[in-house]
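Notes follow the structure.
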Number of protein chains: 2
Amino acid sequence: MSSVRTIAKNIGVSVATVSRALNGKPNVNETTRQAVLAEAERVGYTLRRNDSQSRVLALAYTWEPGRVDYGGFDAALMRGILQGINEHRFDVNILNIFRDKSPDESYTSFFRRKGVSGAILRTSSDTREVCHDIAAEGFPSIVIADRFDEPEVNFIGSESRVESRKAVEHLIHLGHRRIGIGVHQVRDTDHEDRRAGYIDAIKAAGMELDPALIADIVADMDGGANAVTYFLSLPDPPTAFYFTDPLATLGALHRCRALGLQLPRDLSLVGFDDSDVRQHAFPPFTAVCQDAVQLGFESARWLTRLLSGQTSGSLRRLVPTRFEINQTTAAPPNKAPSLDDSRNRG
Amino acid sequence: MSSVRTIAKNIGVSVATVSRALNGKPNVNETTRQAVLAEAERVGYTLRRNDSQSRVLALAYTWEPGRVDYGGFDAALMRGILQGINEHRFDVNILNIFRDKSPDESYTSFFRRKGVSGAILRTSSDTREVCHDIAAEGFPSIVIADRFDEPEVNFIGSESRVESRKAVEHLIHLGHRRIGIGVHQVRDTDHEDRRAGYIDAIKAAGMELDPALIADIVADMDGGANAVTYFLSLPDPPTAFYFTDPLATLGALHRCRALGLQLPRDLSLVGFDDSDVRQHAFPPFTAVCQDAVQLGFESARWLTRLLSGQTSGSLRRLVPTRFEINQTTAAPPNKAPSLDDSRNRG
DNA sequence: TACTCTTGGTGTAACTGTTTCGGTAGCGGT
DNA sequence: ACCGCTACCGAAACAGTTACACCAAGAGTA
């Protein structure tokens with residue numbers, strides 16, 4: 001019931017001015033523009049066009065473009081999305097809410113303006129509120145790799161706490177007593193899960209929880225590499241590590257090799273994997289594995305089915321991860337490795 | 001000058017009927033629909049809406065969705081695209097021409113209907129004609145990883161023939177005389193380049209070009225692994241390989257390890273890399289490297305600048321690849337490896 | 001046979017938002 | 001006082017879609 005014409009009538013301007021104001025065109029007085037935007041917000045204006053039939057999904061990033069690195073997780077996610085959209089022949093549009101949503105407009109209006117009818121949301125620890133607001137507006141959406149208490153927020157993610165605990169318990173079972181963890185310094189839900197799983201295992205085994213063995217790292221190869229050096233420089237260094245990120249795991253592997261350490265003879269290493277990276281590395285590393293392709297596929301399929309009227313209700317799902325033992329875990333050596341040892345050896 | 005109203009007038013129906021016919025809505029006689037579509041094609045009808053201002057790029061696949069695997073190359077490409085679109089705040093939409101373009105409509109009409117104003121085209125050996133047709137229509141587009149003689153087709157790709165020759169000459173210089181190549185069985189331009197570079201090097205060195213040493217493989221890990229087994233089962237097996245695909249290289253590495261062969265002591269291996277896979281493997285493999293991120297970035301930046309009026313003309317560019325020596329190439333062993341040797345050793 | 005009732009197909013008109021064109025008001029220069 | 005430029009805005013025409021009425025033809029029924 002609210003069109004550009006009602007807005008125009010309400011504040012006493014022409015539809016042309018309203019249209020120009022809403023689209024950021026030049027030649028409109030700033031005062032007038034603000035009045036139009038305010039009135040549009042008041043009456044809950046949304047662009048009404050043929051987009052009721054638009055069959056486009058958004059993969060929407062909630063943080064600034066400079067921080068969107070589109071790494072292995074996003075790539076695997078997209079791979080799944082591209083499979084999931086085919087059942088109902090949707091397209092997928094990559095959007096950036098942070099970059100493009102104007103503060104005045106609602107999320108629904110934003111997505112309508114972009115011509116998408118549903119959104120797969122990528123969130124981070126500091127943008128969870130955005131996801132909640134989108135769901136509260138009733139816009140069809142699903143959050144990837146996070147979870148929410150509010151029942152109106154749909155999400156699909158991985159449950160990695162239990163398998164992380166299993167991974168650390170595997171190390172304990174092998175005989176390790178000093179186990180370091182390198183976890184992403186940005187405290188999102190996934191990495192907090194893995195940290196919690198680590199703590200669960202340590203406490204359940206009655207072992208001491210040493211804060212020095214918990215390293216907040218940057219989740220890339222350098223971060224993993226530096227963590228290895230840090231751990232080995234401790235007075236009482238760990239004999240095993242758990243890294244909660246694929247790239248960090250690779251970096252740790254490389255640093256170990258550079259230090260002349262042989263896995264799993266001198267050190268044990270459990271990593272994390274989104275896709276097939278563990279199989280590309282050498283040795284193929286023992287890892288907690290989540291299937292990002294599956295997350296993309298299921299989210300896209302559910303959303304397209306929802307928008308096609310084939311289903312209703314919510315999707316709030318945690319897919320279990322899988323702990324996979326490969327070739328980087330074994331019993332600890334008689335003497336714990338240290339930086340000095342490795343230097344002498346190399 | 002051609003709108004739904006002119007079409008309606010030309011064939012004597014109402015605009016409503018034309019609109020319904022063009023959008024595949026029900027309640028329109030099949031004969032009438034065909035007449036509308038024919039007339040629309042005749043007058044070159046394209047949807048005229050706000051799309052003059054649409055700031056959306058397509059990443060368009062020209063082949064069927066089932067064959068779109070969205071592997072490492074596509075992921076790196078998208079990574080670059082997402083950087084390249086930010087300068088002019090474009091969005092990117094992933095389309096599938098094969099799936100969605102109706103036979104009656106022009107490519108321009110298709111892209112307009114999808115709401116994109118420019119297209120980055122992914123092609124394969126059997127869809128080059130599509131790219132040419134799109135360029136011939138004058139629609140702003142650029143083809144990734146291929147090249148064309150027709151001056152109206154824009155493209156950006158990698159030149160891998162010269163560096164492939166360099167790679168094989170590197171092996172020859174190390175003393176190898178029997179060198180196998182595993183090349184993608186689908187004969188697209190890129191892989192044909194690498195095949196040609198291999199032949200260049202062999203011929204320039206005055207060596208025999210043995211067809212048995214050229215293996216047409218599937219470009220995945222199994223393909224690479226099987227090629228190793230095939231090569232080593234030859235009566236006079238090669239002492240070095242060149243694989244023209246990252247996954248095939250990884251598969252070859254794994255198979256070598258599984259056979260108990262140590263690189264580069266027992267065998268030399270040159271691979272190909274799109275991104276950072278060579279650094280993830282062990283040993284980090286010597287490789288011809290192309291920067292897929294750069295291809296995505298430059299194509300997106302050029303296209304967005306073109307559409308923003310900041311530039312005109314064409315982009316027809318071949319980016320040189322780079323031959324990078326890592327740890328999988330050395331002088332050949334005294335005795336060529338064979339399957340029997342490896343089995344005994346293992 | 002005559003009378004509903006349904007349904008596929010169509011046109012009119014009203015709806016959506018955008019854009020062109022022209023006009024007004026204000027300001028500065030001569 | 002006059003001219004010219006520019007920012008701003010409205011009327012009207014443009015684009016395509018859709019709700020609604022209508023009509024013809026067929027099916028069913030008294």
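A short reminder: the numbers here are calculations on the coordinates, not readings from a lab. None of the values given here were measured: they were computed from a predicted structure. Every residue, glycine as well, gets a Cβ built from its backbone with ideal geometry; the counts of neighbours run over all protein chains shown.
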> Gap in Å between the Cα centre of the stretch B:207-238 and the Cα centre of the stretch A:61-77?
Replying inline: 38 Å
> Taking every DSSP beta bridge that has both residues in the protein assembly as shown, what percent is antiparallel when rounded to the nearest 5?
Replying inline: 10 percent
>> Could you identify which residue out of B:130, B:218, B:13 has the top mean-square fluctuation in a GNM of chain B using Cα springs shorter than 10 Å?
In response: B:13
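Is the C-alpha gyration tensor of the protein assembly as shown telling us rounded, prolate or oblate? Criteria: a/c under 1.5 is rounded; beyond that, a/b larger than b/c is prolate, otherwise oblate. Present the calculation step by step, with values, prior to reporting the outcome.
On the way: a/c = 2.46, a/b = 1.38, b/c = 1.78.
Oblate, because a/c is 1.5 or more while a/b does not exceed b/c.
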> So, with +1 on the Cβ of K and R and -1 on the Cβ of D and E, and no other charges, what is the size of the charge dipole of chain B about its Cα centre, to the nearest 20 debye?
Replying inline: 920 debye
> Which angle from 0 to 90°, rounded to the nearest 10, does the C-alpha axis of helix A:246-258 make with the longest principal axis of chain A?
Replying inline: 30 degrees
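When ranked by the protection proxy of mean other Cβ atoms within 10 Å per residue, highest first, what sequence do the peptides A:82-95, B:186-199 form? Write down the numbers at each step before the final one.
Working: A:82-95: 21.4, B:186-199: 19.8.
Answer by packing, highest mean first, reads A:82-95, B:186-199.
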> Can you give the average number of partner chain beta-carbon atoms within 10 Å of each beta-carbon in peptide A:90-98, as a whole number?
Replying inline: 5
> Lys/Arg Cβ at +1, Asp/Glu Cβ at -1, dipole of the protein assembly as shown taken about the Cα centre: which of B:116, A:199, B:23 is farthest positive-ward?
Replying inline: B:23
> Say R0 is 56 Å: what FRET efficiency, to the nearest 0.05, do residue B:150 and residue A:30 get from their beta-carbon distance?
Replying inline: 0.70
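Taking the Cα centre of the stretch A:5-96 as origin and charging only Cβ (+1 Lys, Arg; -1 Asp, Glu), how large is the dipole, in debye to the nearest 20?
Numbers: 12 positive and 9 negative charges, 100 e Å.
Taking the Cα centre of the stretch A:5-96 as origin, the dipole is about 480 debye.
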>> If I build a Gaussian network model for chain B, linking alpha-carbon pairs within less than 10 angstrom, which residue out of B:299, B:117, B:233 has the largest mean-square fluctuation?
In response: B:233
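Of the beta bridges DSSP finds with both residues in chain B, what % are antiparallel, to the nearest 5? Write out the running numbers ahead of the final one.
Numbers: 3 of 40 bridges.
DSSP beta bridges in chain B are roughly 10 percent antiparallel.
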> Any idea how far apart residue B:100 and residue B:310 come out in nm if each label point goes 7 Å out from Cα toward Cβ?
Replying inline: 2.6 nm
> In the stretch B:27-100, with Lys and Arg counted as +1 and Asp and Glu as -1 at Cβ, which of these residues, B:88, B:44, B:61, has the Cα nearest the positive end of the dipole, that is, farthest along it?
Replying inline: B:88
>> Could you work out how much longer the chain between residue B:41 and residue B:212 gets when fully extended? Use 0.36 nm per residue separation minus the Cα distance between them, nm to one decimal.
In response: 56.4 nm
>> Test of understanding: in a Gaussian network model of chain A with alpha carbons linked when under 10 Å, which of A:246, A:283, A:235 would top the mean-square fluctuation ranking?
In response: A:235
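At 0.36 nm per residue, and after removing the present C-alpha to C-alpha distance, how many nm does the segment from residue B:258 to residue B:23 gain when stretched out fully?
Working: separation 235, 0.36 × 235 = 84.60 nm, distance 5.71 nm.
Result: 78.9 nm gained on full extension.
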> For residue B:316, which sequence-distant residues (separation of 5 or more, or a different chain) have an amide H within less than 5 Å of its own amide H, given hydrogens modelled in the peptide plane?
Replying inline: B:155
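Using r as the Cβ-Cβ distance of residue A:325 and residue A:88, and R0 as 35 Å, what FRET efficiency do you calculate, to the nearest 0.05?
Numbers: r = 39 Å, r/R0 = 1.12.
Taking R0 as 35 Å, the efficiency between residue A:325 and residue A:88 is 0.35.
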> How far is it, in nm, from the label point at residue A:186 to the one at residue A:162 when both lie 7 Å from their Cα along the line to the Cβ?
Replying inline: 2.8 nm
